[in-house]
Amino acid sequence: MPLDLAMMSRPTVKPPFTFTEPLMHEFQLPSMTCGHCAAKVNRALKQVDPACAVEVDMALRKVAVRSDEGRATLAEALSEAGYRPA
């Protein structure tokens with residue numbers, strides 16, 4: 001049986017999943033006052049989602065987290081680490 005090369009060049013298989021961009025969550029952490037605090041916050045968030053991206057702004061006492069985890073889950077991890085979001 002001859003191969004139909006025209007048919008072979010057309011993709012017919014769809015990916016088994018769809019990729020969604022992780023959400024950005026921002027938290028105000030009034031009790032985060034030093035570099036040690038920032039490191040502890042980072043560790044707490046990475047325990048919940050090892051693939052998350054964490055950006056800390058010490059001057060504003062804010063942390064921005066890009067994660068697939070929900071906001072409530074991240075806020076709970078911060079509270080358990082001693083940094084309750086305002």
Open item on the list: Can you work out the Karplus-derived ³J(HN,Hα) for every residue in the range 79-86? Use 6.51 cos²θ - 1.76 cosθ + 1.60 with θ = phi - 60°, whole Hz, and x for glycine or proline.
Closed with: 5, 5, 7, x, 10, 6, x, 7
TODO: Work out how far the C-alpha atoms of the range 22-80 reach from end to end along every principal axis, then list the three figures in whole Å, largest first.
DONE: 26, 17, 17
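With r as the distance between the Cβ atoms of THR20 and GLU76 and R0 = 22 Å, compute the FRET efficiency 1/(1 + (r/R0)^6) and round to 0.05.
Values: r = 22 Å, r/R0 = 1.01.
For GLU76 and THR20, the calculated efficiency is 0.50.
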Task: Integer Hz, Karplus 6.51/-1.76/1.60 couplings in order for the range 48-55, x for Gly and Pro - done: 6, 9, x, 8, 6, 10, 10, 10
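Every number in this text was worked out from the coordinates using simple rules, so none of it is lab data. Since this is a predicted model, take the numbers as computed values, not measurements. As a convention, Cβ positions derive from the backbone with ideal geometry for all residues, glycine included, and neighbour counts pool all protein chains shown.
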